[in-house]
Amino acid sequence: MTEISALTSAFKSPSTCENVDPIARYGNELRFQIRRDDAPVGTHIVQFNRGTDGIQVVAQSKIDISFLGFNAYSFRYRSESLWQNGALAALSVKVDDDGDLTNIAAKRENNELVVTGPDGEKTLPPGIFPTDHWNCGVLSSTTVLNTLTGNPNDVTIRPRDQEKLPSAKGPLAATHFTYDGDLVTNAWYDRDGRWVGLQFKARDGSTIVYRCMNCAALSEQKDQG
């Protein structure tokens, strides 16, 4: 009960993370700078479009790490998803992890989400959230769809402290959430349920941070009420 109360108090109202309309919440684009051990190495851009069959979301990541003037590591990620009535209806993901290619596809069929990935085909509950973070409805989940592997991950997501998070436009007031279990990561959301930050450990032990480039700063949040 304490965790439910803390989750509710992180947002303006208990309904903040229900049936999220990303265009009303973010506009048409959400942009992050990706930093590795506090040095910029790439970008993550999420674009939202309203179509005749639902809301289309395209997320793209690009990371390049150089050493002595040579490209030591590159990463490319692109996902395209379709959302209908607040739920995931279809998903297509392509990952190029320094030459290691992964393709994932998911589609809602007969009230199930059928996912095909490197480990074969799986049938998951239709209300499962993918790990693309923009939809704060994920925060009440105990299982998520990992969009890098195509596998379900069992997680415990807990709200932590309210913090001031750095961004391109100044400090952001946000609540810190931690993921533990099959997936370990940290995500931040503002009072309106907007995703504003991410942090996790890379395989080499370095710290990866997503810093928002077009989120409203504290002064703008106060002006907007």
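The values are calculated or read from the model by the stated rules, or taken from the named source; none is laboratory data. Only a predicted model underlies this, so the values are computations on that prediction, with no experimental measurement involved. Please note: Cβ atoms are built from the backbone with ideal geometry, for glycine as well, and neighbour counts cover all protein chains shown. Surface accessibility is based on the protein's heavy atoms, side chains included, excluding ligands, DNA and RNA. Shrake-Rupley method; radii C 1.70, N 1.55, O 1.52, S 1.80 Å.
Some observations on this one:
- If you go through segment 89-106 and keep only what is assigned to a strand (DSSP E or B) and either at pLDDT below 95 or open to solvent by 80 Å² or more (accessible area, probe 1.4 Å) (or both), you end up with Lys94, Asp100, Leu101, Asn103.
- Residue count, segment 160-189 (criterion: modelled with pLDDT under 95 and either charged (D, E, K, R) or closer than 16 Å to Val46 by Cα (or both)): 5
- Restricting attention to segment 147-164, the residues that are surrounded by 18 or more Cβ atoms within 10 Å (Cβ to Cβ) and among the aliphatic types (A, V, I, L, M) total 2.
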